[in-house]
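A.B. asks: Got a structure for you, written out below as structure tokens; questions coming shortly.
The values are calculated or read from the model by the stated rules, or taken from the named source; none is laboratory data. Here the structure is a predicted model, which means the values were calculated and not measured. In this analysis, Cβ positions are derived from the backbone assuming ideal geometry, glycine residues included, and neighbour counts consider all displayed protein chains.
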Amino acid sequence: ISRTLENNRRNIWFAEFWENNFQCKLSRHAVKKGSGIKKCTSAQHTKEICTDFRIGKDSSYEQEGKVQFVIDAVYAMAHALHNMHKDLCPGKVGLCPKMDTINGTLLLKYIRNVNFTGIAGTPVVFNVNGDAPGRYEIYQYQISSNNTGYKIIGYWTDQLHLNMQWPGGTQEVPSSICSQPCRPGQRKKTVKGIPCCWHCESCDGYQYQADTYTCKMCRFDLRPNENHTGCVPIPIVKLEWSSPWAVIPVLIAVLGIIATLLVVATFVRYNDTPIVKASGRELSYVLLTGIFLCYATTFLMISTPDVFVCSLRRIFLGLGMSISYAALLTKTNRIYRIFEQGKMSVSAPRFISPASQLVITFSLISVQLLGVCIWFGVDPSQAIIDYEDQRTSNPEMSRGVLKCDISDLSLICLLGYSMLLMVTCTVYAIKTRGVPETFNEAKPIGFTMYTTCIVWLAFIPIFFGTSQSTEKSSNMLFVPPNKQKVFFPKIFNLLDIFFLKIFVFRKH
């Protein structure tokens, strides 16, 4: 760049380069008319002018970027020879005898030990392997409103130094991939025609991510974990004693049992009195036993289901009602037969003695026990975990219910006989509604049976019409408490009968 025609006459090609660089001709005869090329004026040859004109400054010349390495290589050789001359020929000018026989190995050693600043301003050194330290300039092709071209955006020495501007003025590296990686619990769905690209689809519901491209359903007793990468067991729930569904029925059952025992104690205390004998004390004790079993069954329904508990539930769930209705039916039938026989003759009807009444009552009860025995033979009791009843659309809310294997159909069959006794007893209660006041049990029994039928008619469609839900599961577990709620009017009316008799007895 510092060379001119005046200081570079030894280069025979420099004059031609000068003409090409400044678009002129040094010889007048070389200029052709109409070519547009001018003659290099003498002003360009003068010292003053030549110091002002510089190659690259006053022309479009750009030096090749690799020239600096060539120059540095020449300087490295020169510095190596200079250092060698100082060591082998100290104080002498020119070559000494020691340098006449020098070999390449020694010269290479001096070359590797040079250390100077190159023309680019960077140090020139060599490592133990003879390699120069890596120095790289990083260019980026940029388009702007002013100009277009490659610009230096960084360099590499021992590490990367980068100052890159991406479109939009941000320094973050833009994403340059076809598809983002899928999150856990998502499968890859490849794009048709582009095998290396995909869409991410979540494994929803009860599905889990089996592999990169597949979602599978969890087993019926499992649900997906939080991120749908596997399956975990569904929590098992059962009726707890601390639950409101258990506390309220237990409280009612305890109060009912206490009231029943008080009535039994009163009847035992006045067992031989005329008023107790006239009320049919044998059937009264049977009726109180049935009421007691209805209350006591509540505790079986709340206990943790197993084979033993489920067997007891089958036995006592309908037995208490069967005993109660069998005793009431026998009583109303006895009253009806007495007055029907009295219309035709003065002789007493058959089977109205206490022993006969007990035989009839236990015969009716035995039908219930026979049905339960057949049920045990056909379908033995067992505790099951129902995963379908509380299987919600949200797997997190799904629960398995530990319960006895009493289906809706089995429950209908179990309570069907008790309902038949109830309906029959209601029919006799209607027929005996006109008996004299001396038989004061007939009308309270009739009123109790009317209210019982109404409550049963409301309870049956509500219970069996409910879809599979938590409410129905709770109702199935609470059959005795719910049944006792249904029979509260009947039970309290019966207790009114007993207490009324006791009151009349004490008055007399």
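A.B. asks: Checking the condition at pLDDT below 85 and in the same structural domain as residue 428 (by TED's automatic domain parsing), which residue from 299, 308, 292, 339 passes?
C.D. replies: Details: 299 fails: at pLDDT below 85; 308 fails: at pLDDT below 85; 292 fails: at pLDDT below 85.
From the options 299, 308, 292, 339, the qualifying one is 339.
A.B. asks: Then there is this: Let me confirm something: among 384, 406, 412, which residue is within 30 Å of residue 218 (Cβ to Cβ) and either touching a Lys or Arg at 6+ places or on another chain (Cβ under 6 Å) or modelled with pLDDT under 85 (or both)? Write out each step before concluding.
C.D. replies: Values: 384 fails: either touching a Lys or Arg at 6+ places or on another chain (Cβ under 6 Å) or modelled with pLDDT under 85 (or both); 412 fails: within 30 Å of residue 218 (Cβ to Cβ).
Exactly one of 384, 406, 412 is within 30 Å of residue 218 (Cβ to Cβ) and either touching a Lys or Arg at 6+ places or on another chain (Cβ under 6 Å) or modelled with pLDDT under 85 (or both), namely 406.
To keep it simple, each residue is scored yes or no on (1) surrounded by 20 or more Cβ atoms within 10 Å (Cβ to Cβ); (2) of a type outside the set (Gly, Ala, Ser); (3) modelled with pLDDT under 85; (4) assigned by TED's automatic domain parsing to the domain that holds residue 257.
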{"residue": "282", "(1), (2), (3), (4)": "no, yes, no, yes"}
{"residue": "288", "(1), (2), (3), (4)": "yes, yes, no, yes"}
{"residue": "325", "(1), (2), (3), (4)": "yes, yes, no, yes"}
{"residue": "350", "(1), (2), (3), (4)": "no, yes, yes, yes"}
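A.B. asks: If the requirement is being surrounded by 12 or more Cβ atoms within 10 Å (Cβ to Cβ), in contact with a Cys (Cβ under 6 Å, 6 or more places away or on another chain) and hydroxyl-bearing (Ser, Thr, Tyr), which of these qualifies: 270, 208?
C.D. replies: On the way: 270 fails: in contact with a Cys (Cβ under 6 Å, 6 or more places away or on another chain).
Of 270, 208, the one residue that is surrounded by 12 or more Cβ atoms within 10 Å (Cβ to Cβ), in contact with a Cys (Cβ under 6 Å, 6 or more places away or on another chain) and hydroxyl-bearing (Ser, Thr, Tyr) is 208.
A.B. asks: Considering 339, 351, 308, which residue is in a helix (DSSP H, G or I) and more than 48 Å from the chain's Cα centre (by Cα)?
C.D. replies: Numbers: 351 fails: in a helix (DSSP H, G or I); 308 fails: more than 48 Å from the chain's Cα centre (by Cα).
After ruling out the rest, the residue left standing is 339.
A.B. asks: Now a separate question. I'd like to check which strands (runs of 3 or more DSSP E) are fully inside the stretch 89-189 and have at least 3 residues that are more than 30 Å from residue 218 (Cα to Cα) and touching a strand residue (DSSP E or B) at 6+ places or on another chain (Cβ under 6 Å).
C.D. replies: Per the criteria, 136-143, 148-156.
A.B. asks: With the condition kept exactly as written, say whether any residue in the stretch 367-374 is of a type outside the set (Phe, Trp, Tyr), under 22 Å from residue 285 (Cβ atoms) and surrounded by fewer than 15 Cβ atoms within 10 Å (Cβ to Cβ). Outline the logic, then answer.
C.D. replies: Looking only at the stretch 367-374, we keep the residues that are of a type outside the set (Phe, Trp, Tyr), and these are 367-374.
Then keep just the ones that are under 22 Å from residue 285 (Cβ atoms); that gives 367-369.
Of the ones still in play, those that are also surrounded by fewer than 15 Cβ atoms within 10 Å (Cβ to Cβ) are 367, 369.
Yes, that holds for at least one residue.
A.B. asks: Conditions first: (1) over 16 Å from residue 77 (Cα atoms); (2) in contact with a Gly (Cβ under 6 Å, 6 or more places away or on another chain); (3) in the same structural domain as residue 72 (by TED's automatic domain parsing). Residue 138 passes all but one, so which condition is the exception?
C.D. replies: (3)
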